[in-house]
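> Sharing a structure below in structure tokens format, with a few things to ask.
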Amino acid sequence: MLSHLCMKKTLPMLLVASAILFFASLARAQTEEQKQRISASCMLALGRAPSPSELSDSAAKSVAELIERHRLQIQNDAATKRAVIVKACEDAFGHEPSEEEIRSWSTDVRTYSELMTQHIQWLAAHPAEYEQVMNRAYQQLIHRDIYPLEITYWKNHDTLPYALLVACLESWARRNQPGLMVTSGTATVSMNSDYLTTVRLSPAIAAEARTAAKLAPAADVADPNAFGRNLIAPGAGEIITSGHICFTAIGGNNLLRYRSATP
């Protein structure tokens, strides 16, 4: 009889405890998803990782809404606009922009990913300039000029910005040590690249981010894991991610071989 009474008292307590754990787990998942949205929006709109204060924003907003908020920030703050322009130039071309370039790209309000898309399209239309970007990447990673066969190899792929060329070369070099010959194989990028700043995303947030930034066709977004093409970045449509991990990426702090001492 006593045992039966204990059971009657214990069962409701267990149910309450289970409910508390369930809702606590759900809240943590929602918080993590929101942090991923904030991180993706900062990377794609501003070309930088979010600050701790930005990550602590608990207001539920979609990636698209956050990107539009960043667009207003670019429009209303000259320093932010300049930083976005400089970062996009570094990641696309592998060099710091001149003041003339900064002025020419300042006429419109564009996010980091929009500027990167514009730069990649320009490189696709100017093959000689693209070869210089390729060579810059080889000098950074392999410390030699690019071979003619490697120019052919990369031109058989979609045009890539400098940051992703460097990251692809890094992955290839790690897989092919010690005898690095001519670049070949599948273009792959690791989330742990020494030359990128990355944030891991769930497949759902990755699909949301790609749609918000207009980075991929709808058919690709519908299946974000298709062919392992899970890198959320301008120009990354053909790139495979190591482990098929979904993540977004921008150029890291040591991406440029040379950087001027002045900001």
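A short reminder: the numbers here are calculations on the coordinates, not readings from a lab. Since the model is a prediction, treat every value here as computed from it, not as a measurement. Virtual Cβ from ideal backbone geometry, glycine too; neighbours counted across all protein chains shown.
> Using the count of nearby Cβ atoms within 10 Å as a rough guide to exposure, how do Met116, Met191 rank from fewest to most?
Met191, Met116
> Further question: Using only C-alpha atoms and all pairs of different ones, pull out the Kirkwood radius for the range 160-205 in Å with one decimal.
After inverting the mean inverse Cα-Cα distance, the result is 11.7 Å.
> Along the Cα-to-Cβ line of Ala204, 7 Å from the Cα, sits a label point; which residues in the range 29-48 have backbone N less than 17 Å from it?
Counting only backbone N, you get 29-40.
> Counting only the backbone N, which residues of the range 172-214 are under 15 Å from the spot 7 Å out from the Cα of Thr152 toward its beta-carbon?
Counting only backbone N, you get 182-185.
> Sorted from fewest to most neighbouring beta carbons within 10 Å, what does the list Thr107, Thr186, Thr152, Thr198 look like?
Numbers: Thr107 7, Thr186 13, Thr152 10, Thr198 24.
Neighbour counts put them in this order, fewest first: Thr107, Thr152, Thr186, Thr198.
> Using a 7 Å offset from the Cα along the Cα-to-Cβ direction at both Arg71 and Gln118, what is the distance between the two label points in nm, to one decimal?
Once both label points are built, they end up 1.4 nm from each other.
> Fewest Cβ neighbours within 10 Å first, please rank Phe93, Phe247 accordingly.
Details: Phe93 21, Phe247 24.
Ordered from fewest to most neighbouring Cβ atoms within 10 Å, Phe93, Phe247 come out as Phe93, Phe247.
> Can you pull out the trypsin sites (Lys or Arg not before Pro) in the range 117-157 that DSSP calls coil and that have at most 14 other Cβ atoms within 10 Å?
Arg144
> Work through the residues other than Gly235 whose Cβ is under 10 Å from its Cβ and net out their charges, Lys, Arg +1 and Asp, Glu -1.
Residues close to Gly235 contribute a combined charge of -3.
> Can you tell me the length gained on complete extension of the stretch Glu33 to His126, counting 0.36 nm per residue apart and subtracting the Cα distance?
29.5 nm
> Please work out the FRET efficiency for the pair Asp57 and Glu96, using the Cβ-Cβ distance as r and a Förster radius of 35 Å; give the result to the nearest 0.05. Mind dumping the intermediate values first?
Details: r = 31 Å, r/R0 = 0.89.
Calculated transfer efficiency: 0.65.
> Express the C-alpha Rg of the range 87-223 as a ratio against the empirical globular expectation 2.2 N^0.38 Å, rounded to two decimals.
The value comes to 1.12.
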